[in-house]
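Trainee: After the structure tokens below, expect a handful of questions from me.
The values are calculated or read from the model by the stated rules, or taken from the named source; none is laboratory data. Here the structure is a predicted model, which means the values were calculated and not measured. All Cβ positions, even for glycine, are placed from backbone atoms using ideal geometry, and neighbour counts span all protein chains on display.
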Amino acid sequence: MRDNFIDGGVYTKGDNVGGILGKGMQYTELKTLYYSGKIVADITSNVSNYGGIVGITNTGSLINNCYVLPKYGDSTANSSINTSGISFALDKLGGIVGYAISTTVSSCTAYIDLNAGLDNQYAGGIVGQALNTTIRKCYVSGSAGAVYPGSIAGKFEGSSGLIAGCTANVFTSHRNTTEGEHPCFVYHTTSATVYPVDHSTEPNICEYDGAHDCDFRYYFYYLPKLRCFASCQTYCMCVNLSTLYSN
């Protein structure tokens with residue numbers, strides 16, 4: 001699938017949801033695709049595999065030169081993926097792909113705000129969860145609210161996994177302090193390789209210079225007003241909870 005643009009919204013109740021494609025089989029190719037809008041899970045139970053372009057990809061798949069853009073006609077408002085059910089959650093939630101299995105994601109861009117809800121789930125600016133996947137030369141800007149959020153990937157595992165040459169400008173709801181080899185880029189890493197900021201040829205770059213570790217995901221349903229959380233440490237970042245995910 002290639003050369004397509006979709007502007008609008010997706011409202012759903014199930015698993016495997018994307019702005020362009022829900023589930024990719026083995027050797028799926030997605031090239032030069034654009035999505036702009038919001039994806040809302042109207043759920044009564046936990047669901048998984050939500051992505052701005054595709055929900056889940058399988059062995060040998062390629063995602064290249066794909067974009068999740070700010071809302072059409074309003075360059076100040078990112079696209080978004082969230083849940084309308086306050087008691088349930090989205091797992092494997094990503095700006096480009098929710099769950100990537102043995103997939104290559106390259107030269108993709110996401111302007112995305114992610115809200116996974118209230119449970120033990122992973123969210124990432126490019127990929128929510130990845131296994132033996134390469135993420136290369138991607139850019140993401142926005143926010144990721146989850147129990148386990150990463151600017152590029154929430155959970156990244158597998159001996160052939162690689163993140164290289166990516167740039168992230170993402171506010172995450174938690175700072176990784178317990179498992180954090182790469183706290184700006186990935187929440188949890190097992191066996192995979194994430195190039196550091198001083199890598200000689202393909203460094204990953206973290207542009208976000210504010211504080212993380214603000215649990216806005218717990219509050220925006222109940223307190224629609226400007227709040228400033230001391231848990232943001234010395235920066236004490238203020239978040240307008242009434243507008244963060246209302247668009």
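Trainee: Take the residues in the range 30-60 that are in contact (Cβ under 8 Å) with a residue 60 or more places away in the chain and in a loop (DSSP other than H, G, I, E, B); name whichever of them is surrounded by the fewest Cβ atoms within 10 Å (Cβ to Cβ).
Mentor: Of everything passing the filter in the range 30-60, 46 is surrounded by the fewest Cβ atoms within 10 Å (Cβ to Cβ).
Trainee: May I ask you to list pairs of residues, at least six apart or on different chains, whose Cβ atoms are under 8 Å apart, with the first in the range 66-94 being of a type in the set (Val, Ile, Thr) and surrounded by fewer than 24 Cβ atoms within 10 Å (Cβ to Cβ) and the second being part of a loop (DSSP other than H, G, I, E, B) and at pLDDT below 75?
Mentor: If the second residue must be part of a loop (DSSP other than H, G, I, E, B) and at pLDDT below 75, the pairs left are 86/118; 86/221.
Trainee: Something else now. Go through 131, 62 for me and flag whichever is hydrophobic (A, V, I, L, M, F, W, C) and farther than 20 Å from residue 151 by Cβ.
Mentor: Testing whether each residue is hydrophobic (A, V, I, L, M, F, W, C) and farther than 20 Å from residue 151 by Cβ leaves just 62.
Trainee: Just one of the numbered conditions (1) surrounded by 24 or more Cβ atoms within 10 Å (Cβ to Cβ); (2) among the β-branched types (Val, Ile, Thr); (3) modelled with pLDDT of 95 or more; (4) within 17 Å of residue 154 (Cα to Cα) is not true of residue 101; which one?
Mentor: (1)
Trainee: Looking at 14, 9, which is the one that is assigned to a strand (DSSP E or B) and surrounded by fewer than 19 Cβ atoms within 10 Å (Cβ to Cβ)?
Mentor: 9
Trainee: Residues of the range 182-207 being surrounded by 13 or more Cβ atoms within 10 Å (Cβ to Cβ) and of a type in the set (A, V, I, L, M, F, W, C), which ones?
Mentor: 184, 185, 186, 192, 194, 205, 206
Trainee: Listed residues 168, 192; which is of a type in the set (Gly, Ala, Ser), under 17 Å from residue 93 (Cα atoms) and either at pLDDT 90 or above or touching a strand residue (DSSP E or B) at 6+ places or on another chain (Cβ under 8 Å) (or both)?
Mentor: The unique qualifying residue is 168.
Trainee: Among 125, 150, 117, which is the only one that is crowded, with 21+ Cβ neighbours inside 10 Å, closer than 22 Å to residue 64 by Cβ and touching a residue at least 40 places away in the same chain (Cβ under 8 Å)?
Mentor: 125
Trainee: Right, another one. What number of residues in the range 1-43 are within 20 Å of residue 100 (Cβ to Cβ) and of a type in the set (D, E, K, R)?
Mentor: Total meeting the criteria: 5.
Trainee: So, one more: Give the number of residues within the range 144-160 that are at pLDDT 90 or above and over 12 Å from residue 124 (Cβ atoms).
Mentor: Going through the range 144-160 one residue at a time, the tally reaches 4.
Trainee: Taking residue 27 and the conditions (1) in a strand (DSSP E or B); (2) farther than 20 Å from residue 70 by Cα; (3) at pLDDT 95 or above, which numbered condition does it fall short on, given that it satisfies the others?
Mentor: Result: residue 27 passes all but (1).
Trainee: So residue 173 ticks every box in (1) over 19 Å from residue 96 (Cβ atoms); (2) in contact with a Ser or Thr (Cβ under 9 Å, 6 or more places away or on another chain); (3) among the hydroxyl-bearing types (Ser, Thr, Tyr); (4) modelled with pLDDT of 85 or more but one. Which box is left unticked?
Mentor: It fails just one condition, (4).
Trainee: Find all pairs meeting these conditions: Cβ atoms under 9 angstrom apart; at least six residues apart or on different chains; first residue within the range 168-193 and under 14 Å from residue 140 (Cβ atoms) and assigned to a strand (DSSP E or B); second residue modelled with pLDDT of 85 or more and acidic (Asp, Glu).
Mentor: Every condition considered, the pairs that remain are 168/207; 169/207; 170/207.
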